[in-house]
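Notes follow the structure.
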């Protein structure tokens, strides 16, 4: 293809739809004729997120290439690593991303949990994203509280001088508070001053956006 497109997906919390979004973007890229790879640098607990990204990626990729660090404890990486008596090797994660970038046109990296989830002493998901050097897209769960969570995450990203491509508004559940879910998009665009890259409806099976 002669191009390289890369993106780091973070979220306003855990369980906001990062994996669904990443896998959908990979499938869209493949449909456009691109060689695509997902990357989940760190999994904690089961490996379901990495398995979904592997299934959505182009062929020729193993789960260990896609997910270099797998901690079996279902906790934040810092806590899981302490429990298991291991140290997360950030240089290994960076090297694996560089390798994927050489081989694939589109690489979508999914963070673990939210922006400030701890990975090691004095090192968070935000630090990992800064080391990777990719533009950031923030997945926001469209529910009551979304404005605060999105604004805090964006301010933290901006404070580090990292490029934020925009927000992805996801409807993970059918919320009872329909006023908040109906007005969050307009409020986010006005308050955070970032584009909504796309919106994912509740129960939507695939993204309906065009990659260019």
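Things worth noting here:
- Residue 125 vs. criteria touching a helix residue (DSSP H, G or I) at 6+ places or on another chain (Cβ under 7 Å) and within 23 Å of residue 51 (Cα to Cα): no
- Inside the stretch 1-47, residues that are at negative phi and without any contact (Cβ under 8 Å) to a residue 12 or more places away in the chain make up a count of 1.
- Contacts under 8 angstrom Cβ, first residue in the stretch 155-170 being at positive phi, partner surrounded by 13 or more Cβ atoms within 10 Å (Cβ to Cβ) and outside any helix (DSSP H, G or I), 6 or more apart: 166/137; 166/138; 166/194; 166/196; 166/197
- Of all residues in the stretch 98-125, those satisfying the criterion of being in a helix (DSSP H, G or I) and without any contact (Cβ under 8 Å) to a residue 60 or more places away in the chain are 98, 99, 102.
- Applying the condition of being in contact with a strand residue (DSSP E or B) (Cβ under 7 Å, 6 or more places away or on another chain) and part of a helix (DSSP H, G or I) to the stretch 24-47 and asking which residue is nearest to residue 92 (Cα to Cα) yields 26.
- Filter pass, residue 88 being over 22 Å from residue 56 (Cα atoms) and part of a strand (DSSP E or B): no
- Of everything in the stretch 1-35 that is over 22 Å from residue 201 (Cβ atoms) and within 15 Å of the chain's Cα centre (by Cα), the residue that is modelled with the lowest pLDDT is 5.
- A single entry from 156, 146, 165, 151 fulfils the requirement of being surrounded by 13 or more Cβ atoms within 10 Å (Cβ to Cβ), in contact with a helix residue (DSSP H, G or I) (Cβ under 6 Å, 6 or more places away or on another chain) and at pLDDT 85 or above: 146.
The values are calculated or read from the model by the stated rules, or taken from the named source; none is laboratory data. Quantities reported herein were computed from a predicted structural model and do not represent experimental measurements. Note: ideal-geometry Cβ built from the backbone for every residue, glycine included; neighbour counts use all protein chains shown.
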